[in-house]
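Worksheet for the structure shown next.
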Amino acid sequence: MVRPVIGHRGPAMEALMERVQPRLRQLFRTARPVYVSTSSATGLMESAIRNCAPQRVLSLVCGAFSERFYKIAVACGREADRIDVDFGESNEPGQLIDALGGGGYDAVTVVHSETSTGVLNPLGEIAAAVREASPGTLVLVDCVTSLAATPVEVDDWGLDFALTGSQKGMALPPGLAFGVASQRAYERSLETPGRGLYFSFEAFEGAVARNQTANTPAASLLYALDVQLERIEAEGLEARWARHRAMAERTWAWVDEMREGRGLDLRVLAAEGRRSPSVTCVAVPEGLSGVEITRRMAERGYTIASGYGKLKESTFRIGHMGDHTIEELDALLEELASVITGRG
Ligand SMILES: *Cc1c(COP(=O)(O)O)cnc(C)c1O
């Protein structure tokens, strides 16, 4: 990233864009072009709404990021409805069949791995349920903490738009976002009025076809992307998923050991079978504070996060994603145990 910036209409940049495209498609498990956006992930959430949903949106809400998708739809002037579950619970296919029965939704929004609660929604089943109940409704998915961490089968699951940001599962610095639209979502976008320009699928699609970006890209971040995609390929996508799975299981086992071995009532907020492989949200008993635990870990050189929104004090979150290793995680969990039992 410290290399000099190259001209974005020159052959060196075209070669770079040509090199990253097949690797991005492997990551998204798609044959469709992958859009490269100079924005954070939220930019492509907004892009999804503006291109795919001219009028009505149904948002599945199970935490702060899935609620953001709903708020974006409202902010873009869409008529948006939401189906809420309690924080810590998952969105399930059965919940939306009735709502979709009436038809008329252009799109459903869903977050695969809800980072605020550590819940992994059953995305393949949700997409299949939407397709069955309302075939014309597009499925728009935030895969920010699932892509490159756990299986996301864009083509096989029939996802109409799947997006991620650079700084979570892909372990790059922040500032880029990536998305892939199904052929039918792309075609829908061409007929959607007011879709804007910077985030229009048409602009992205044209740019990929020319091995370019529509506007000036964050060239330094693209250098990093080029290297990181090579590293992900070298590790192997399946191996990367397995490493995330192993880190998550280690964390859950640690929570159980704290409860059963040391008598501290810690619990993984998400139910078994619906836990994210990349982030664990741990509920703490009365008398312990997520904010305080996070602060004390920071003093010891470890970054974890307190809970989100109303869960701020009653939970903390451990991100075990990207390029982290089991060894690093073990060191963190050991320190965390001493912080928590020290307060006792
Ligand atoms: C971090 C995150 C986002 C937002 O990403 P930005 O890069 O800050 O725009 C969206 N969704 C999920 C699930 C996230 O974890």
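The values are calculated or read from the model by the stated rules, or taken from the named source; none is laboratory data. In this text, all values refer to a predicted model and were calculated from it rather than measured experimentally. Reconstructed Cβ throughout: ideal geometry from the backbone, glycine too, with neighbour counts over all protein chains shown. In case anyone asks, the SASA skips ligands and DNA or RNA and just uses the protein heavy atoms, side chains included. Shrake-Rupley method; radii C 1.70, N 1.55, O 1.52, S 1.80 Å.
Some notes on this structure:
- Rounded if a/c under 1.5, otherwise prolate or oblate - region 206-323, Cα gyration tensor axes: prolate
- Whole-percent carbon and sulfur share, accessible surface of region 40-134, 1.4 Å: 44 percent
- Carbon/sulfur fraction of accessible area - region 221-344, other protein chains in place, 1.4 Å, %: 48 percent
- 3J(HN,Hα) couplings calculated from phi for region 182-195 with the Karplus curve 6.51 cos²θ - 1.76 cosθ + 1.60 (θ = phi - 60°) are, in sequence order, 5, 4, 6, 5, 4, 5, 4, 4, 5, 9, 8, x, x, 7 Hz; Gly and Pro show x.
- With θ taken as phi - 60° and the Karplus curve 6.51 cos²θ - 1.76 cosθ + 1.60 applied, the whole-hertz 3J(HN,Hα) list for region 153-159 is 9, 4, 6, 5, 8, x, 6 Hz, x standing for glycine and proline.
- Per residue value of the accessible surface for region 11-235 (all protein chains in place, 1.4 Å probe), Å²: 35 Å²
- Compared with the dominant principal axis of the Cα atoms in the chain, helix 237-260 is inclined by about 30°.
- For the chain, the share of DSSP beta bridges that are antiparallel, to the nearest 5, is 55%.
- Along its three principal directions, the equivalent ellipsoid of the chain from the Cα gyration tensor extends over semi-axes of 34, 26, 16 Å, largest first.
- Listed peptides 197-205, 63-71 by packing density, highest first (mean Cβ within 10 Å): 63-71, 197-205
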